[in-house]
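Undergrad: Attaching a single structure in structure tokens format; questions to follow.
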Amino acid sequence: MKLFPYAHATHPQWRMAAALVLAQLRAQMALPDHAAAPSLALLYITDHYANEAEAILAHLSAELPEVTDWAGTVGVGVAANNVEYFDEPAMAVMLCDLSPDQYRVFSGVAPLSASGRVAGPDGFVAHTALVHADGNTPELAELIAEVADRTASGYVFGGLAASRRSTVQFAFSSAGNLRGQGAASGVFHGGLSGVAFGPAVGMVSRVTQGAQPVAREHTVTDADGNLVLTLDGEPALDVLLRELGVSLDQPEQAMPRLRATLVGLTLPTSDLAGSAVAARRGQFGPEVIVRHLIGLDPGRRGVAIADLAPVGTRLAFCERNVQAARADLTRVCAEVREELEPEELSLSVATALAATEPDAAPHPARRMAGAVYVSCSGRGGPHFGSPSAELQTVRRALGDVPLVGFFAGGEIAHHRLYGYTGVLTVFTVFTMPA
């Protein structure tokens, strides 16, 4: 596996952006450390181009005949190494150097086999999967869990399409479609699609949270659907108002603080191990899912949330916090680097990796062939302090690596749907260069 060629561009006209992307890809494909003929492409576009999705896919696939499989979706922003294009017309493409027998593009017309834990008729075994989904799909959480269950690891990653125009997904498979489904353009609306990867595709994935608890965690002791009635036996609304230091008798002061408050939930059935380090720093681990407050019930002294919180769920009121988000993002990038990078580097490699940003370049010795980063649309843009600040944080912490991604309407990791998070997944290089 060699470094994955990747490219990104912005332009009011998609054909001009595509021309810039193609020029970058072809230049990288000519480099000795980069893949020369990769067969799988990941394509992300902002919603400014959503109505032209079919034309974009047709044009790029015609210009890159060596690429036989395509996957991707639309976001309110797209990401690449060190830069984000938020709320502007842009696209990002990465060409993945993977053996064709180690991945399968799936969609509604080419679904992932229900026997994903064992070899299918073609011998393929799904170990994990990159999933793109339409947030309006009924029973979406259950469908994501079902896809995870069809993989040997039970782990999937990705995000929900985010668009103010057409909500599209790209999924074109060289393996063909289900018989009776007819021809497909490779552009889909609704449902789920993505790429399943075999066990020989090495990767490391981490979830980074963007919210920080404002007080200690509580246990839900009574609930009615979306309405949390008591926490540790005390009325939930009383707990909320006390921890925020506000009163409903002074709504002009209380309402802004309440609108900025979220809840972090740890379900009683959660099988994810919490992070002791994150807990000590007052941050959430991957076992926590963040949801909105959607209402208050003064009569029943309850708090309504945008999810179900059965009795036994652990709940912490929280708020978005730029410093906590930046620190947690730096932490997960450092974990990835520690897991993948060799303990000792040659002088030439160390010099290359320590180069100034304008001169730095990806290097196979770091064992990172490419990366996908899916971030919440609520984290992008100014949330980290300035344009592209989130991706610049990734670049400084992770190092220079081919990277693409998008800003989503919800993030997917493990077997569940998150919010206000970032999901970083790095594809690894197996063999070190001589």
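Undergrad: Tell me, what is the percent relative contact order of segment 153-244, built from C-alpha pairs under 8 Å that lie six or more residues apart? Let's see the in-between values first.
TA: Working: 59 pairs, mean separation 13.9, N = 92.
Rounded, it is 15 percent for segment 153-244.
Undergrad: At 7 Å along the Cα-to-beta-carbon direction for both Asp101 and Asn136, put a label point, then send me their distance in nm to one decimal.
TA: 4.2
Undergrad: Could you pull out the GluC sites (Glu not before Pro) across segment 27-103 that fall in loop regions by DSSP (anything but H, G, I, E, B) with no more than 12 other Cβ atoms inside 10 Å? If you can, show how the numbers build up before the last one.
TA: Details: sites: Glu52, Glu54, Glu63, Glu66, Glu84; in loops: Glu66.
Answer by residue number: Glu66.
Undergrad: Take the chain, connect every pair of alpha-carbon atoms lying under 10 Å apart with a spring to form a Gaussian network, then pick out the residue of Asp297, Asp47, Asp307 with the largest mean-square fluctuation.
TA: Judging by the Gaussian network model, the answer is Asp297.
Undergrad: Which percent of the accessible area of the chain is formed by carbon and sulfur heavy atoms (probe 1.4 angstrom)? Present the calculation step by step, with values, prior to reporting the outcome.
TA: Working: 9210 of 17430 Å².
On the chain, the fraction of accessible area on carbon and sulfur atoms equals 53 percent.
Undergrad: Here's something else I'd like to know. Counting each DSSP H run of 4 or more residues in the chain as -39500 (n - 2.57), what helix-only mean residue ellipticity at 222 nm follows after dividing by all residues, to the nearest 500 deg cm²/dmol? Could the numbers behind the result be given before it?
TA: Working: 9 runs with 96 residues, N = 434.
Helix-only estimate at 222 nm: -6500 deg cm²/dmol.
Undergrad: Here is a follow-up. How many nm is it between the label spots at Val322 and Glu63, if each spot is 7 Å from the Cα in line with the beta carbon?
TA: With each label placed 7 Å out from Cα toward Cβ, I get 3.6 nm.
Undergrad: Given the options Val311, Val67, Val288, which has the most mean-square fluctuation in a GNM of the chain, springs set between C-alpha atoms less than 10 angstrom apart?
TA: Maximum among the listed residues: Val311.
Undergrad: Return the label of the correct value of Rg and Dmax of the Cα atoms in Å, as calculated from the structure shown, out of [x] 22.1, 71; [y] 23.8, 85; [z] 20.7, 70.
TA: Answer label, from the structure shown: [x].
Undergrad: How much net charge surrounds Arg301 when only other residues with a Cβ under 13 Å from its Cβ are counted (Lys, Arg +1; Asp, Glu -1)? Don't skip to the answer; put the middle values down first.
TA: Numbers: positive: Arg242, Arg300; negative: Asp222, Asp224, Glu234, Asp238, Asp297.
Charge balance near Arg301 sits at -3.
Undergrad: Under a 1.4 Å probe, what is the accessible area of the chain per residue, stated in Å²? Don't skip to the answer; put the middle values down first.
TA: Details: 17430 Å² over 434 residues.
Each residue of the chain exposes 40 Å² on average to a 1.4 Å probe.
Undergrad: Let me check against my output: what whole-number percent is the relative contact order of the chain, with C-alpha pairs under 8 Å and at least 6 apart?
TA: On the way: 1057 pairs, mean separation 92.3, N = 434.
Averaging sequence separation for qualifying contacts and normalising by length gives 21 percent for the chain.
Undergrad: Moving on to the next point. On a full-extension model of 0.36 nm per residue, what is the gain between Arg396 and Glu234, subtracting their alpha-carbon distance, rounded to one decimal in nm? Provide the component values of the computation, followed by the final result.
TA: On the way: separation 162, 0.36 × 162 = 58.32 nm, distance 4.49 nm.
Here the answer is 53.8 nm.
Undergrad: In a Gaussian network model over the chain where Cα atoms closer than 10 Å are linked, find which of Ala369, Ala36, Ala260 has the largest mean-square fluctuation.
TA: Result for the chain, Cα springs under 10 Å: Ala260 fluctuates most.
Undergrad: Now, a different point. In segment 186-247, which trypsin sites (Lys or Arg not before Pro) are in a loop and have at most 12 other Cβ atoms within 10 Å, using DSSP for the loop call?
TA: Numbers: sites: Arg206, Arg216, Arg242; in loops: Arg216.
Here the trypsin sites (Lys or Arg not before Pro) that fit, given the DSSP loop and packing criteria, are Arg216.
The values are calculated or read from the model by the stated rules, or taken from the named source; none is laboratory data. Remember, predicted model here, so these are calculated numbers, not experimental data. Here the Cβ is made from the backbone with ideal geometry for all residues, glycine too, and neighbour counts use every protein chain on show. Keep in mind that these areas ignore ligands, DNA and RNA; they rest on the heavy atoms of the full protein, side chains included. Shrake-Rupley method; radii C 1.70, N 1.55, O 1.52, S 1.80 Å.
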